[in-house]
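I have placed the structure first, in the form of structure tokens, so that the comments after it can refer back to it.
The numbers here are math on the coordinates, done by the rules we state, and not lab data. Quick caveat, the model's predicted, so the values are computed rather than measured. Cβ placement follows ideal geometry from the backbone for every residue including glycine, while neighbour counts extend to all protein chains displayed.
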Amino acid sequence: MTAHELLSQLRARGVEVKTSGDDRLVIDAPRGTVNEELRAGSARVFATVARYFVGIPVLVYSFEQFMHGDHVPGVPLEPLTPAYIYGHSIWTYVAAVGYLVGGILLLIGKKTRAAATWVGLTVLFIELVVYVPIAVVERASLDKGLNFMADTLMFCGAAFLLAGAMPREK
């Protein structure tokens, strides 16, 4: 079911989809008009949108990390990977390969649950081998120590949430 078909079905059942004064989406539905079939259809549409919202940035991150192998991996950032990180720049290329595989699968819609889980595990691995040591060494700096670790961990969580939203393959 496409987003257009979903909106057409909702309108046919008397459901109004409009925006309020402060740019919020308001759905006004009479009792009993939204059934399980419509809920499942809307869940598929939103999961597909989420898949693109994660898949496109993951491919961009992959490209950035292939281009700048000496920078910190995970979420592409300006700083260089510190010399005290074991393996130094290899982790950026590991992340780039993981993102490339996961991002392509997310965009083409094949093995989406496994692809989102793969991206999440890649980010979690990078978090453990790169960002935890940075956070320990830079523990007095909120900007470098905790901030880098927290934003990469949030990206990891987003990938795992997407994996949970993807349908199970049979």
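Hydrophobic long helices, here whole DSSP H runs in the chain with Kyte-Doolittle means of at least -1.0 and Cα atoms spread over 18 Å or more along the helix axis, are found at 36-67, 90-108, 112-126, 147-165. In plain terms, the chain from residue 84 to residue 67 could stretch by 3.9 nm, reckoned as 0.36 nm per residue minus the Cα-Cα distance.
Using unit Cβ charges (K, R positive; D, E negative) and no other charged atoms, how large, in debye to the nearest 20, is the dipole of segment 50-165 about its Cα centre? Could you put the intermediate results ahead of the total?
On the way: 6 positive and 7 negative charges, 109 e Å.
About 520 debye.
Calculate the length of the line joining the C-alpha centroid of segment 88-114 to that of segment 117-170, in whole Å. So the two Cα centres are separated by 14 Å.
With loop membership from DSSP and a limit of 11 other Cβ atoms within 10 Å, the longest segment of the chain without chymotrypsin sites (Phe, Trp or Tyr not before Pro) is 87-170. If you take the square roots of the eigenvalues of the alpha-carbon gyration tensor of segment 50-165 and sort them as a ≥ b ≥ c, do you get rounded (a/c under 1.5), prolate (a/b over b/c) or oblate? Note, shape of segment 50-165 comes out prolate.
With R₀ set to 45 Å, the beta-carbon distance separating residue 142 from residue 169 gives a calculated FRET efficiency near 0.60.
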